[in-house]
Each structure stands twice: as C-alpha cells, then as structure tokens.
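Trainee: I have a structure I would like to understand better, so I am pasting it below and will then ask my questions one at a time.
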Amino acid sequence: MDEVQEGLCFAGPAMVTVFVIGAGNEPLPPETFHLAGLAPDEVRPYKLQEQPAAIAPLGLMSYDLTFHDTSLDLSTYTCEVLRRLSADGRAVAWAGFEGSFHYDHLLTEDIASSVYGCCASGAEPVVARDFATLRSAAWRQRIAETRAALQELLRWP
C-alpha cells in the first residue's frame, strides 16, 4: 500500500474524495464509478452549495467513494475516476484529502500537497502515491497547470 492510500484509510475504510467542475449539478449514477475492475461500496454525491457565479452554470459536484477493502489499488482507481469525470465535455476533476476544499483555494499552491490527483479534459490524469511527491516543486507545478485549465474553463462561455 502506498503512502497516499494509507492516508485515505486513516479513519477505517478507504475514502477517495473527488471533485469535478463542468459535469453539471446533478449526481452521476453510482455505476459511473465502477472502473478499473473496482466498484465502491458506497458512493455519496454532494452538490456543493453557494457556488460562485462562474462555477454554478458548469456545476460542481463532490463524491465520497468508500471502499471497505483497503488493499485495493486505489491509485489506479483514482486515475480512472479522474479520467472518467473529465471525459464528457469540458471539465476539471481532482482528488483531495478531507478538508482540502475551499472556494478561495481551488487548486492553489497552498493546498497542492492535499490534492493527490488531477485531470482536465483532454489531458492524462496524474495521481501521486507518496508524500514526497505531494511536497515537491514538480507537483506544485502540475497543480498550477490544472488550475490554469480550471481558470480557462471558467472563462469559457
């Protein structure tokens, strides 16, 4: 089990938390998250409230994906979830540790070490497996590139 996955299991079952802007404001069906040969034991969608005016028309959803079997390859799974969430049209998706979400800090440098995966439409998803990667300058640059894609998305009519 890699370090990031260990962090996802700190409270018992593993929880992969993903966010997507650009996939609408209605929850996707649970079957959407049956990927890479895995299916979460529980899918909890959340429509985030008080969405800023630039985000609301695109939609912002969060999903908590719970797995009771913590030995599964959640890095590969997270990569496939991010790919899937950003595949239908223009969207940006990311995976972050609990407590890392705040509208003023979407994919900013100060929370880059709490974002363990990201993908923008048309790009390949990337997922970190260890904390050294999350603290690296290269990771902060990758998150900055994803933030730039998000900013472009928010300007797109």
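The values are calculated or read from the model by the stated rules, or taken from the named source; none is laboratory data. Being a predicted model, the structure only gives us computed values, none of them experimental. Cβ sites come from the backbone with ideal geometry, for glycine too, and all protein chains shown count toward neighbours. Surface areas here come from the heavy atoms of the whole protein model, side chains and all, with no ligands, DNA or RNA. Shrake-Rupley method; radii C 1.70, N 1.55, O 1.52, S 1.80 Å.
Trainee: Against the definition (open to solvent by less than 40 Å² (accessible area, probe 1.4 Å) and either closer than 25 Å to GLU31 by Cβ or part of a loop (DSSP other than H, G, I, E, B) (or both)), how does LEU82 come out, yes or no? Break it down into steps so the answer makes sense when it comes.
Mentor: Details: open to solvent by less than 40 Å² (accessible area, probe 1.4 Å): yes; either closer than 25 Å to GLU31 by Cβ or part of a loop (DSSP other than H, G, I, E, B) (or both): yes.
The answer is yes for LEU82.
Trainee: Name every residue in region 26-54 that is within 16 Å of the chain's Cα centre (by Cα) and closer than 21 Å to ALA149 by Cβ, in order of residue number.
Mentor: Of everything in region 26-54, those that are within 16 Å of the chain's Cα centre (by Cα) and closer than 21 Å to ALA149 by Cβ turn out to be LEU28, LEU48.
Trainee: Which pairs have Cβ atoms under 7 Å, sit 6 or more apart or on different chains, and link a residue in region 1-28 that is without any contact (Cβ under 8 Å) to a residue 40 or more places away in the chain and outside any helix (DSSP H, G or I) to one that is open to solvent by 50 Å² or more (accessible area, probe 1.4 Å) and charged (D, E, K, R)?
Mentor: ASN25/LYS47
Trainee: A further question follows. Please list, ordered by first then second residue, the pairs with beta carbon atoms under 9 Å, 6 or more apart or interchain, first in region 89-109 and in contact (Cβ under 8 Å) with a residue 40 or more places away in the chain and under 15 Å from PRO125 (Cα atoms), second outside any helix (DSSP H, G or I) and open to solvent by 80 Å² or more (accessible area, probe 1.4 Å).
Mentor: Note: pairs meeting the criteria are ARG90/GLY122; ARG90/TRP156.
Trainee: I would also like to ask the following. Within region 1-24, which residues are within 13 Å of THR66 (Cα to Cα) and over 15 Å from the mean Cα position of the chain (by Cα)? Walk me through how you get there before you give the answer.
Mentor: Looking only at region 1-24, we keep the residues that are within 13 Å of THR66 (Cα to Cα), and these are 5, 8-18.
Selection gives CYS9, PHE10, ALA11, GLY12, PRO13.
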